[in-house]
Amino acid sequence: MNQMQPHLLMVVVASLLHSRSLAFILKERRLYSSSRVSFTEALKMVDYKRVKYDETPSNKLIGTHSGSFQADEAMGVWMLRQVPEYRNSKVVRSRDLKALDPLDIVIDVGGVYDHSKLRYDHHQRGYDERFDEGREGSEGRCTKLSASGLVYRHYGKEIIKSYYPSLRDEHLHLAYKKIYNSLLECLDAIDTGVEMFPDGIEPIYRDATGLSSRVGRLNPRWNEVDADGKPPSYDERFEQASAMCGEDFMSMMTKVIESDIPARDIVEQAILSRKEVDISGEIIKFPNGGLPWKSYVYEMEEEHSIDPLIKFVLYTDQAGMWRVQAVTVEGKAFENRLSLPEEWRGVRDQDLEGVTKIPGSRFVHAAGFIGGNDTFEGALEMARQALKRQ
C-alpha cells in the first residue's frame, strides 16, 4: 500500500472520524501518493479516544477553605483528583491553619502560593500570577490566576495526558492552551474580579447560566432547610459543585481533543493544498462538512502567511449537496471577504441555473454568504465566477 507525507495525514484521519466512511477516504487517498507514513498508521494518529484510569483512591489529603464555595476551588479540587497522586483523595475544608498545615496539598486558602510546598492560594498581597501560554494578541492577559488556574498551570497537562496518553506533544500543547482559553480563564476572571466589558459598556442582558453562577447556586440559601428543619451541609454541596465542574471540564476536553484538533488539521491541510483546488489559492475544499473551521482558517492564514486570503470554502452537507460558503472578515460575524454575486442571491433551482449558467446550481442565500450545487465541479465554478467579479 502506498504511503503519505506526514503533512497530509490529518485530512484522511479526520475525514474518517467525521464521516465514518472508509470508502470515502480511500477514494480521496488518490491525492496522496508520495510517502513516509503508512495509510493504516495515519488512520490511528489523530483518532484520540479517552481512556479509563485506575480509580483506586489516594490516601493523600486535599485542603481548601470551609464555608461558602466558588467555582475556582471546586474546579481545582476536581482537577487535583484526576492527578494519579491525588486520585479521588478526601477533602478537608477549613480556614484553620493548624488544620491545613499537615495536609498534603492546599488550594484557595492559607495566603501562600509556592509550588514546591504544594500551596496554591491567590488572595495574598502582591500576588500577580497569570497564564501566559496561549494568550491572544501582543498584550499580556489581564486575568490573574485563581485557585483553579494555579492548579491547571501545574497539573493541567498531566490531567489531559491521564485521559489521552497517546496525545502527541504538539496536540497536548494545543489542548492545554485551548481548554484554558475556553473554560478556565472565565473562572479565573470571575473569581479575581475582571469585568467582561470595558468601563462604560453595559451588556444588554445578563447571563446566569455559566459555570460560576451554577456553582454559586449550590451554596445553601440563607433560609434553606431540609424536611427535618436542618440546614444543608456545605461540604456535601461542595462535592456536588466539584462534580459539576468536572462534567464541564470533561465536556470541554473531549470537544477540544476529539473534535477541534482533528478539525484544525483538516483546515491546515486544506489551506496548504489550496492550489490543487483552484490556482487562485482563494478557494479551499473540505472532505465533508460539519467541522468547526472558521477560527482555524484565520489561524492557519497567519501561521503560513497566506496571501491572498481565502474567500470561499467548499464542502458537502448531510444530504450530499456541495456548499460554497464565503469566509467572513476576521472579527466580523456577517461581513464577508467576498459574497456570492448579487444577482444570484435569493434565487433557486432552474431559475438559478439560468442566471449562473452553471448546471446543478440549487440555491444562493439572500445574504450571499452561502450557496449550493449538486456537484463539486458546480460549486467550484460558482466560487470561481464570484472571484472573477470581485
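What follows is calculated from the coordinates using simple rules that are stated; it is not laboratory data. Keep in mind the model is a prediction, meaning the values are calculated, not measured. Ideal geometry is used to build each Cβ from the backbone, glycine not excepted, and the neighbour counts take in all protein chains shown.
Key figures for this structure:
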quantity	calculated
Under 5 Å, built H, 5+ apart or other chain: amide partners of residue 336	329
GNM flexibility winner over the chain from 226, 132, 169 (Cα, springs under 10 Å)	226
Shape category assigned to segment 61-258 from the gyration tensor of Cα positions, a/c cut at 1.5	rounded
Cross-link pairs 52/178; 161/255; 52/177; 332/388; 52/90; 255/294 - those with Cα-Cα distance over 18 Å	52/178; 52/177; 332/388; 52/90
Note, ³J(HN,Hα) from phi for segment 219-227, Karplus 6.51, -1.76, 1.60, rounded to Hz, x at Gly and Pro	4, x, 5, 4, 10, 8, 9, 8, 5
Over the chain: helical MRE at 222 nm, DSSP H runs n ≥ 4 each giving -39500 (n - 2.57), nearest 500	-11500 deg cm²/dmol
Other-chain or far-sequence residues with amide H under 5 Å of residue 361's (modelled H)	374
Loop GluC sites (Glu not before Pro), segment 155-217, which have at most 13 other Cβ atoms in a 10 Å radius of their Cβ (DSSP)	195
Prolate/oblate/rounded call for the chain, Cα gyration tensor, a/c under 1.5 rounded	prolate
Distance from segment 315-390 to segment 79-149 (C-alpha centre basis), Å	51 Å
Hz values of 3J(HN,Hα) by residue in segment 144-153 - Karplus curve (6.51, -1.76, 1.60), Gly and Pro given as x	7, 6, 8, 4, 5, x, 5, 4, 5, 3
Order of 125, 168 under a 10 Å beta carbon neighbour criterion, fewest first	125, 168
Packing rank of 90-97, 283-290, 216-223, where each peptide gets the mean count of other beta carbons within 10 Å, highest leading	283-290, 90-97, 216-223
Overall dimensions of segment 154-273 by Cα: Rg and Dmax, Å	19.1, 69
Order by protection proxy (mean Cβ within 10 Å, highest first), peptides 114-122, 69-77	69-77, 114-122
Amide H contacts of residue 61 (H built 1.01 Å from N, under 5 Å, at least 5 apart or other chain)	104, 105
